[in-house]
Amino acid sequence: MNYPINVEVGVYRGDVGVRYKEITQLGINKEWEKLLEKIDGDPELVNSSALVEKNVEHTLNTPLHYAALGSAPKEVFQQLLEKGSSKCLKNLSGETAYDIGVKTHLPQDTLALIAVPKEVKQKKQVIEKLEEGLHKVILTRVESLIKKNQQALPQVAFLFEMGGFYYPVPGMYGGFDVQKNGDKGIETSSWIRVCGGSGQKHEIDNEGNVKLVDEGFV
């Protein structure tokens, strides 16, 4: 599964930014039927958020966030979750859809649907340390590209909810494959497709410590 990356709008060709913006506008306008239709036509949009654009407020709100903000009917949440919406993703204010739903007084049965999974809540402190370690690996390898792209770094809670993910970095010609490493933490393999022998594999333990365990592979 690809992690839903978010970058400056100019990083992608124009139609990509338009699609992301359309999803956001439909969420803001509470046009739930059209929003769900758009996601059906392009499933990767289910966890998307409007790209970074000059002089435009940037929130990292996903369709699930907008459903919570707009007090959507329970059926909308059910369909979004069936299509793969993440309950764990946080916006730039650090809020999940559940956090927003509490503020907008969603019914309890709807809140129960979008509650952050128990494993993620139980591992909150560990996940924070793992995330620090993963971000360190990414920035050590491609910090200049992350800054150039204005790219949001990945949230490790997504891994514990949805399973392993691939985090591509535009301009790197590659990215980071992130997986659980049993009970020991997580591991990530990264490479640059146009550069032979560029591969590196890192292990990150539950304290956030990073160890390079392999390199030089394709």
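Around the amide H of Ile192, modelled in the peptide plane, lie the amide H atoms of Ser198, Gly199, all under 5 Å away and 5 or more residues distant in sequence or on another chain.
In the chain, the longest principal axis of the Cα atoms and the axis of helix 124-149 are about 80 degrees apart. Taking the chain as a Gaussian network, Cα atoms linked when under 10 Å apart, which of Ser189, Ser85, Ser93 shows the biggest mean-square fluctuation? The residue with the greatest mean-square fluctuation here is Ser93.
Karplus-derived 3J(HN,Hα) values for the stretch 42-52, using 6.51 cos²θ - 1.76 cosθ + 1.60 with θ = phi - 60°, are 8, x, 5, 6, 4, 10, 7, 8, 3, 6, 5 Hz; glycine and proline are entered as x.
Taking other C-beta atoms within 10 angstrom as a stand-in for reagent exposure, Arg19, Arg141, Arg13, Arg193 fall in the order Arg13, Arg193, Arg19, Arg141, fewest first. Amide H contacts for Val52 (H built 1.01 Å from N in the peptide plane; partners 5 or more residues away or on another chain; cut-off under 5 Å): Val7, Glu8, Val9. Can you classify the chain as rounded, prolate or oblate using the Cα gyration tensor, where a ≥ b ≥ c are the square roots of its eigenvalues, rounded means a/c under 1.5, and otherwise it's prolate if a/b beats b/c and oblate if not? Cα axes put the chain in the oblate bin.
The relative contact order of the chain, computed from alpha carbon pairs under 8 Å that lie at least 6 residues apart in sequence, is 17 percent.
Enter the Cα centre distance for the pair the stretch 47-109 and the stretch 129-157, rounded to the nearest angstrom. The stretch 47-109 and the stretch 129-157 have Cα centres separated by 23 Å. Look at the Cα gyration tensor of the stretch 101-218: its axes a ≥ b ≥ c give a/c of at least 1.5 with a/b over b/c, and that counts as prolate. Comparing Ala112, Ala97, Ala157 in a Gaussian network model of the chain where C-alpha atoms under 10 Å apart are linked, the largest mean-square fluctuation is found at Ala112.
Would you mind checking the pairs Lys90/Lys123; Lys87/Lys184; Lys129/Lys211 and listing those with alpha carbons more than 18 angstrom apart? From Lys90/Lys123; Lys87/Lys184; Lys129/Lys211, over 18 Å: Lys87/Lys184.
About the Cα centre of the chain, how large is the charge dipole given +1 on each Lys and Arg Cβ and -1 on each Asp and Glu Cβ? Please answer in debye to the nearest 20.
280
What the phi angles of the stretch 10-20 give under the Karplus curve with 6.51, -1.76 and 1.60, with θ = phi - 60°, is a coupling list of x, 5, 9, 5, x, 5, 5, x, 5, 4, 5 Hz, glycine and proline written as x.
Laboratory data are not the source of any read-out in this text; all were calculated from the coordinates shown. Please read all numbers here as calculations on a predicted model, not as lab measurements. Don't worry about glycine lacking a Cβ; one is built from the backbone with ideal geometry, like all the others, and counts go over all protein chains shown.
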